[in-house]
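Accompanying notes for the structure given below.
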Ligand code: PEP
Ligand code: MG
């Protein structure tokens, strides 16, 4: 008999075996309301209570400053930004003045006022539709809990401590500030009851190299302190109390994993090339300048996709031209002459910006999103294009428009680009006059019209994440139809083949920055179809380089021809598996 299998969502890769350390935090704001004293203050106690709150806030701020420094050293500027966000929340007018007012006007003790205010705002965020906003409620509760802990227990630092040796941390939830304190040498993995793949906690786990499974629901209740656990951060599985057989099997898998990453190390410093000597462009998808530096370390030839909307999502107001200019220049400089494709902001869909006051929509992925916003509010696009163009004077940049559905949108976007260039010229501001401008192919209509579009654009980049959802009518966020979401569906493959062929016929090139580009099973097919550039999560680059190093272009072309004649995704998968397994690489 095997151990108990607990299923969750795998958000940070890696297999780990260690004892459970069950973390029952004493500090989260939501729960502290129950223990808060519910008496009213006398009016002569108010000033002392306000002073207590002020003191707690100062302690809390100092604690966060220390954590920001620690985060900068451990995981870099970008992730430290999460803690900086917490620090800003402390001073946010939605919180502190309201707590003071409750103490003064409702004669509430400070602890009750803190709980009430943070819980109210967190509940507001929890009620929002967008996963990104929902997940911000965890940040708010985190700051509330920290402030409350400083208030109730001034002697305690509240940090995760007492962890000895290597453990897998088990918790209801881990806040970003909990996560950033984790020492990857002792906390080798974690499993939580709640959480989603887009949370900051998941982002931090990946940066720290801690394997992680989140969103297990009640399954986690079966784990007790000290239980032996196996955690598989790719499959999203945790085995509690594994049998001897399971331990041996997973130990073997861990060894394989280590061996594989040792072997892949050799590819980091090399250019990607096939067995018959063709160089292949392997680039990284990045979301910030800090990630650009990490991508260079992973051996990327450039960035095939800079998702600039993350710059907008992390801010409280629209980042201005100067801030954007510096971000794009920094990313470009990190790549030191290798190209960085800056995609204009892809807001909308699941990415909402409260300060843009976007309309509520029944089908946001089919609605006001990406270039549609840019063309409707050209002042936003102009500011971004000015920033990109100015940065192109100091780094090798290309510009790319998302969600283009056909020629008119491309022409309007190009017109704004040309007007912006003219404006800079007349101001005497330098930029790269040769800068390439391309589009994402992620809407089926654009894929079908590729031959017309190819005559006008400099390049295409295929976004399979959206192309699949729009071609197959499968919401990429909906777990109930996740089984239908498949980039090996022959309809998707026909579109991809059409796009690549159309670009070549006009002397242009095609890249791919959707998830399919990082799938080793797809690599021979994409090579055979003639894809010119691959762009993927930096962690996948070495693996794809190693697959490419065993491929021959002519054999892959034959494979592609055969695959395009197949009728179902299942047939495609087995043909690719057979090709990969048969040694006909
Ligand atoms: C895509 O759609 O494949 C893509 C790369 O863009 P995003 O995932 O940001 O929508
Ligand atoms: Mg997309």
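The values are calculated or read from the model by the stated rules, or taken from the named source; none is laboratory data. Predicted model, so just to flag it, every value in this text is computed and none were measured. All Cβ positions, glycine included, derive from the backbone under ideal geometry; neighbour counts span all protein chains shown.
Brief remarks follow.
- Residue check, residue 346 assigned by TED's automatic domain parsing to the domain that holds residue 402, surrounded by 22 or more Cβ atoms within 10 Å (Cβ to Cβ), touching a helix residue (DSSP H, G or I) at 6+ places or on another chain (Cβ under 9 Å) and not in a helix (DSSP H, G or I): yes
- Any chance residue 292 is in a loop (DSSP other than H, G, I, E, B) and either surrounded by fewer than 21 Cβ atoms within 10 Å (Cβ to Cβ) or under 19 Å from the mean Cα position of the chain (by Cα) (or both): no
- Which listed residue is surrounded by 18 or more Cβ atoms within 10 Å (Cβ to Cβ) and either over 28 Å from the mean Cα position of the chain (by Cα) or assigned to a loop (DSSP other than H, G, I, E, B) (or both), from 495, 526, 531: 531
- Annotation for region 445-454: at least one member residue is more than 14 Å from ligand 2 (Cβ to nearest atom), in a helix (DSSP H, G or I) and within 28 Å of the chain's Cα centre (by Cα).
- For region 466-484, the criterion of being in contact with a strand residue (DSSP E or B) (Cβ under 7 Å, 6 or more places away or on another chain), more than 14 Å from ligand 1 (Cβ to nearest atom), at pLDDT 95 or above and within 24 Å of residue 351 (Cβ to Cβ) is satisfied by no residue at all.
- Top-ranked residue of region 255-284 - restricted to ones that are modelled with pLDDT of 90 or more and surrounded by 19 or more Cβ atoms within 10 Å (Cβ to Cβ), ranked as farthest from ligand 1 (Cβ to nearest atom): 274
- Among (1) within 16 Å of ligand 2 (Cβ to nearest atom); (2) at pLDDT 95 or above - the single one residue 522 does not satisfy: (1)
- Of 400, 418, all but one fail to be outside any helix (DSSP H, G or I) and within 24 Å of residue 454 (Cα to Cα); the exception is 400.
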